[in-house]
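J.: Would you mind keeping the following structure in view while I ask a few things?
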Amino acid sequence: MEINEIIREENKVYSKPELLDEVHMHYCPGCSHGVVHKLVSEVIAEMGITDKTVGVSPVGCAVFAYNYIDVDWVEAAHGRAPAVATALNRLWPENVVFTYQGDGDMSAIGTAETIHAANRGENIVMIFVNNAIYGMTGGQMAPTTLVGQKTATTPYGRRVDLNGHPLEITNLMAILDGTCYVTRQSVHTPAAVRKTKACLKKAFENAIAKKGTSVVEIVATCNSGWKLSPAKANKWMEENMFPKYPLGDLKNV
């Protein structure tokens, strides 16, 4: 390496990912979505797949993801992102297709599309942001809401006898033959951010290699829906979410 290159490397400073557009994000302060957007942007750019990457954003807090990450996007109806991604990948198999979904989208209205796309082994990446609540529409109970957790529709806490058990949809996808990689991560610390980025890269590499469906769940916070400060939301997540949704790989073929 020449001396000028060494100097440039030493003077390199942290900067906004090149694929993040110069617009204000609508996410609440402390929301995990912004960090995940940053990681997705970095991975796509660093892998050199910008021109052949297509994202699918359905309804939910992430519906405006196409405003922030500068790749091709298709907006899907609520819950239908895996079905749309299936069509995109089959029509243009040379492209790298991913969905960006919340827990209300993937594990409620979109359960059928999610499970069957994964069971077919579609060569797509599913990015699943799980904050255990409907953040966009007022903080109602989601399928992933914890037992005892208070929401707008469970003001006294979720009850198993009335509301059923939390749905661990990532665990379900891990047992399907069509999935090649299923992992659950978070972005609450610098170390967790680095690990999640590595997992996202692996998922995109699997899609390029046509190995099947990769699922990256990111256990996230919703401090506005949880009625907590960002710092307290992170702590609540560690103490309550991680025991139910433990971090780590669930499947790695």
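J.: Count, please, the residues in the stretch 167-179 that happen to be among the aliphatic types (A, V, I, L, M) and either on the phi > 0 side of the Ramachandran plot or assigned to a loop (DSSP other than H, G, I, E, B) (or both).
T.: 3
J.: Specify which of the listed residues (GLU22, GLU46, GLU94) is touching a helix residue (DSSP H, G or I) at 6+ places or on another chain (Cβ under 7 Å) and farther than 20 Å from GLY178 by Cβ.
T.: Exactly one residue qualifies, and that residue is GLU94.
J.: For residues that are surrounded by 17 or more Cβ atoms within 10 Å (Cβ to Cβ) and in contact (Cβ under 8 Å) with a residue 24 or more places away in the chain, tally how many sit in the stretch 228-246.
T.: 5
J.: Kindly indicate which of THR99, THR86, THR50, THR111 is closer than 28 Å to LYS211 by Cβ, of a type in the set (Ser, Thr, Tyr) and buried (at least 24 other Cβ atoms within 10 Å of the Cβ).
T.: THR99 is the lone residue from the list that is closer than 28 Å to LYS211 by Cβ, of a type in the set (Ser, Thr, Tyr) and buried (at least 24 other Cβ atoms within 10 Å of the Cβ).
J.: Right, another one. Report yes if ASN95 is of a type outside the set (D, E, K, R), touching a Lys or Arg at 6+ places or on another chain (Cβ under 6 Å) and either over 20 Å from MET173 (Cβ atoms) or at pLDDT 95 or above (or both), otherwise no. Don't jump to the end; show me each part of the working.
T.: Numbers: of a type outside the set (D, E, K, R): yes; touching a Lys or Arg at 6+ places or on another chain (Cβ under 6 Å): yes; either over 20 Å from MET173 (Cβ atoms) or at pLDDT 95 or above (or both): yes.
Spelling it out, ASN95 is indeed of a type outside the set (D, E, K, R), touching a Lys or Arg at 6+ places or on another chain (Cβ under 6 Å) and either over 20 Å from MET173 (Cβ atoms) or at pLDDT 95 or above (or both).
J.: If you don't mind, there's one more thing I want to ask. I need the full set of residues from the stretch 105-115 which are among the β-branched types (Val, Ile, Thr), in contact (Cβ under 8 Å) with a residue 40 or more places away in the chain and closer than 18 Å to VAL63 by Cα, in order please.
T.: THR111, THR114, listed by residue number.
J.: What's the total number of residues in the stretch 81-99 that are within 16 Å of the chain's Cα centre (by Cα) and over 21 Å from ILE218 (Cβ atoms)?
T.: So the answer is 0.
J.: Okay, moving on. Please specify each residue of the stretch 152-195 satisfying the condition of being hydroxyl-bearing (Ser, Thr, Tyr) and surrounded by 22 or more Cβ atoms within 10 Å (Cβ to Cβ).
T.: THR170, THR179, TYR181, THR183, SER186 - these are the residues of the stretch 152-195 that are hydroxyl-bearing (Ser, Thr, Tyr) and surrounded by 22 or more Cβ atoms within 10 Å (Cβ to Cβ).
J.: Scan the stretch 116-137 and give yes if some residue there is of a type in the set (A, V, I, L, M, F, W, C), free of Cβ contacts under 8 Å to residues at least 24 places away in the same chain and in contact with a helix residue (DSSP H, G or I) (Cβ under 9 Å, 6 or more places away or on another chain), otherwise no.
T.: Checked the stretch 116-137: no residue is of a type in the set (A, V, I, L, M, F, W, C), free of Cβ contacts under 8 Å to residues at least 24 places away in the same chain and in contact with a helix residue (DSSP H, G or I) (Cβ under 9 Å, 6 or more places away or on another chain).
J.: Can you tell me how many residues within the stretch 143-159 are aliphatic (A, V, I, L, M) and either over 24 Å from ARG184 (Cα atoms) or modelled with pLDDT under 95 (or both)?
T.: Total satisfying the criteria: 1.
J.: For the stretch 53-74, give me the residue count where each residue is surrounded by fewer than 17 Cβ atoms within 10 Å (Cβ to Cβ) and within 17 Å of ILE218 (Cα to Cα).
T.: Qualifying residue count for the region: 0.
J.: Failed condition for HIS33, given (1) under 27 Å from GLN140 (Cβ atoms); (2) surrounded by fewer than 17 Cβ atoms within 10 Å (Cβ to Cβ), with all others met?
T.: Here HIS33 clears every test but (2).
J.: Could you tell me how many of the residues in the stretch 149-166 are within 20 Å of GLY138 (Cα to Cα) and either in contact with a His (Cβ under 6 Å, 6 or more places away or on another chain) or in a loop (DSSP other than H, G, I, E, B) (or both)?
T.: 11
The values are calculated or read from the model by the stated rules, or taken from the named source; none is laboratory data. Remember, predicted model here, so these are calculated numbers, not experimental data. With ideal geometry, Cβ positions are generated from the backbone for all residues, glycine too; neighbour counts draw on all protein chains shown.
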